[in-house]
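The values are calculated or read from the model by the stated rules, or taken from the named source; none is laboratory data. Because the structure is predicted, anything quoted here is derived from the model rather than measured. With ideal geometry, Cβ positions are generated from the backbone for all residues, glycine too; neighbour counts draw on all protein chains shown. What goes into the accessible areas is simple: the full protein's heavy atoms, side chains included, and nothing from ligands, DNA or RNA. Shrake-Rupley method; radii C 1.70, N 1.55, O 1.52, S 1.80 Å.
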Amino acid sequence: MATSVRYRPITVERLVAELADRVADLAARTRWTRVLVDGAETATDSTGLADALVDPLRVRGHPVLRVSARDFLRPASLRYERGRHDPDVRYEDWLDVAGLRREVLDPLEDSGTGHVLPALWDADRDRAFRLPRTRLPDGGVLLVDGELLLGQGLPAELTVHLWLSPGALRRRLPDDTHWALPAYARYDEEVRPAELADVVVRMDDPQRPALREG
């Protein structure tokens with residue numbers, strides 16, 4: 001990461017409030033606002049941050065729909081075709097990118113229907129959810145959390161990346177998932193999410209985040 005980049009220490013509460021203000025400002029000017037919250041699974045709490053934004057956005061007058069990219073993973077037969085611990089497959093093929101676009105993001109284009117499928121595949125039970133579609137009202141906000149989301153061509157009005165230094169990532173990642181470290185290294189090298197995202201939050205210490213300025 002470039003040494004000229006500056007980060008401002010911020011409390012978790014203030015981070016949520018500032019993000020909610022920024023999303024609400026976008027939502028006031030667009031039919032729907034799609035927000036991606038991107039961070040390494042189990043090492044960053046992208047789910048928790050996305051969840052924390054729900055009530056503040058509703059208080060600001062915007063309906064909210066929460067979706068997790070984990071509910072759009074490919075079936076186990078495809079994810080584990082080359083074994084359960086292949087970092088390249090995790091990086092390239094775990095997420096059903098086409099399904100997430102088709103069922104969630106594309107319907108929220110300005111000319112879309114607004115009808116979203118909130119979950120497609122139950123990775124724990126390895127079977128389809130078979131849920132009904134949900135319509136997000138005009139002025140609504142979609143919050144999607146997940147990992148390795150950027151650089152996939154996923155359309156969004158705002159992208160948030162939870163960044164960890166390599167040392168912090170290794171410390172925060174459970175030992176039994178260290179096999180995935182090369183996937184995150186490829187992501188940083190090939191996609192450069194900390195440069196691509198609209199909002200970058202340094203999360204080396206989850207209780208003391210720092211927000212990129214500029």
From (1) exposed (fewer than 15 other Cβ atoms within 10 Å of the Cβ); (2) among the small types (Gly, Ala, Ser); (3) closer than 27 Å to Leu169 by Cα, pick out the condition that doesn't hold for Ser46. (1)
Quick check on the stretch 113-136. Is at least one of its residues touching a His at 6+ places or on another chain (Cβ under 9 Å), of a type in the set (A, V, I, L, M, F, W, C), in contact (Cβ under 8 Å) with a residue 12 or more places away in the chain and assigned to a loop (DSSP other than H, G, I, E, B)? yes
Residues of the stretch 50-79 being over 23 Å from Ala185 (Cα atoms), of a type outside the set (Asp, Glu) and assigned to a helix (DSSP H, G or I), in sequence order, are Ala50, Ala52, Leu53, Val54, Pro56, Leu57, Arg58, Val59, Ala76, Ser77
Could you give every pair whose Cβ atoms fall below 7 Å, whose first residue belongs to the stretch 153-182 and is under 26 Å from Arg101 (Cβ atoms), and whose second residue is open to solvent by 50 Å² or more (accessible area, probe 1.4 Å) and in a strand (DSSP E or B), counting only separations of at least 6 or pairs across chains? Trp163/Arg202
Tell me, please, whether a residue that is open to solvent by 60 Å² or more (accessible area, probe 1.4 Å), under 19 Å from the mean Cα position of the chain (by Cα) and farther than 21 Å from Thr33 by Cα can be found in the stretch 119-127. no
Do we find that Trp163 is closer than 30 Å to Asp21 by Cα and among the hydrophobic types (A, V, I, L, M, F, W, C) in this structure? yes
Where Gly167 falls short, out of the listed (1) under 18 Å from the mean Cα position of the chain (by Cα); (2) open to solvent by less than 50 Å² (accessible area, probe 1.4 Å); (3) of a type outside the set (S, T, N, Q): (1)
Got at least one residue in the stretch 53-76 being in contact with a strand residue (DSSP E or B) (Cβ under 8 Å, 6 or more places away or on another chain), farther than 19 Å from Ala156 by Cα and open to solvent by 80 Å² or more (accessible area, probe 1.4 Å)? yes
Of the conditions (1) out of contact with any helix residue (DSSP H, G or I) (no Cβ under 8 Å at 6 or more places or on another chain); (2) closer than 15 Å to Met203 by Cβ, Thr42 satisfies every one except a single condition; which number is it? (1)
Search the stretch 9-30 for residues being outside any helix (DSSP H, G or I) and among the hydrophobic types (A, V, I, L, M, F, W, C), and hand back the single one that is least open to solvent (accessible area, probe 1.4 Å). Ile10
Looking at the stretch 128-144 only, could you name the residues that are within 23 Å of Asp21 (Cα to Cα) and open to solvent by less than 50 Å² (accessible area, probe 1.4 Å)? Leu136, Gly139, Gly140, Val141, Leu142, Leu143, Val144
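In this structure, is Arg202 of a type outside the set (Gly, Ala, Ser), under 26 Å from Pro9 (Cα atoms), open to solvent by 30 Å² or more (accessible area, probe 1.4 Å) and within 17 Å of the chain's Cα centre (by Cα)? Walk me through it before giving the result.
Working: of a type outside the set (Gly, Ala, Ser): yes; under 26 Å from Pro9 (Cα atoms): yes; open to solvent by 30 Å² or more (accessible area, probe 1.4 Å): yes; within 17 Å of the chain's Cα centre (by Cα): yes.
In short, yes.
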Thr33 being at positive phi and either open to solvent by 80 Å² or more (accessible area, probe 1.4 Å) or touching a helix residue (DSSP H, G or I) at 6+ places or on another chain (Cβ under 8 Å) (or both): no
